[in-house]
1. May I ask you to derive the relative contact order of chain A, considering only C-alpha pairs under 8 Å and at least 6 residues apart, and to give it as an integer percent?
2. Could you sort out which of B:Lys14/B:Lys55; A:Lys52/A:Lys101; A:Lys68/A:Lys101; A:Lys56/A:Lys77; A:Lys56/B:Lys41 sit more than 24 Å apart by Cα distance in this structure?
3. Label 7 Å along Cα→Cβ of B:Glu59; segment A:4-18 residues with amide nitrogen under 14 Å?
4. Residue by residue, what Karplus-based ³J(HN,Hα) values in Hz, rounded to whole numbers, does segment A:51-60 have, using 6.51, -1.76 and 1.60 with θ = phi - 60° and x for Gly and Pro?
5. Against the globular-protein guess of 2.2 N^0.38 Å, express the Cα radius of gyration of chain B as a ratio, rounded to two decimals.
6. Just tell me how shielded B:99-109 is by partners: mean number of partner chain Cβ atoms within 10 Å of each residue's Cβ, no decimals.
7. May I ask what percent, to the nearest 5, of DSSP beta bridges between residues of the protein assembly as shown are antiparallel?
8. Looking at segment B:44-117, send over the antiparallel percent of its DSSP beta bridges, to the nearest 5.
Amino acid sequence: GDSVTQMEGPVTLSEEAFLTINCTYTATGYPSLFWYVQYPGEGLQLLLKATKADDKGSNKGFEATYRKETTSFHLEKGSVQVSDSAVYFCALSGASGGYNKLIFGAGTRLAVHP
Amino acid sequence: GAVVSQHPSWVICKSGTSVKIECRSLDFQATTMFWYRQFPKQSLMLMATSNEGSKATYEQGVEKDKFLINHASLTLSTLTVTSAHPEDSSFYICSARASAARAYEQYFGPGTRLTVT
């Protein structure tokens, strides 16, 4: 079945460091790919999305490129801030589960220190 | 943005009792609500999808008689864990979606941590 695999956390970085969180997927068809972020005590929020191969999603300095050839959607940010500390979830929809469902990875906790 | 609340945020109950979790969309009408379950260090697993006024659609392997879902209004859905056992201890998350919205246009609640002793 469809699945999403992302790197285990926690990821601990100093402020202004470069961030990469790896995400790979297994899916039939042509899924759409997403990154969600969950700040402490809050619900998941859509951070960015890409709906077809080679699309780049971006928001708040974060970027991810939909790479069909490597089935990946790695999240990057050039300079992280303390306020970026959160749990990040990679997700897909539109594969065998249909467009009504989201399939999530396990989440990666990011801790940024001053 | 749209806000979804869950109540309670944390609950402890004794084995064999039932517990109800509420999910509310505070500033929009949620035609569809989703219930997820998350185990430590694991993905959010979709349990069921409910449309207002209809019976919920449960994912394969989810016991519908154990996890009762009611979506009686456009702003409220409830999940009742009946005859809870320690293995039901988990983090339960709901999300809500307005009509005609796409799958990713879901707004998530902050989650409810259930501990069954």
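Any read-out appearing in this document is the output of simple, stated calculations on the displayed coordinates, not a laboratory observation. Keep in mind it's a predicted model, so treat the numbers as computed, not measured. Glycine gets a Cβ as well: all are built from the backbone with ideal geometry, and neighbour counts include every protein chain shown.
1. So the answer I get is 37 percent.
2. Checking Cα-Cα distances, B:Lys14/B:Lys55; A:Lys56/B:Lys41 exceed 24 Å.
3. Residues A:4-5 qualify, since their backbone N sits under 14 Å from the label point.
4. Couplings: 9, 8, 4, 6, 5, 10, x, 8, 5, 6 Hz.
5. 0.99
6. Mean partner-chain Cβ count within 10 Å for B:99-109: 5.
7. 90
8. 100
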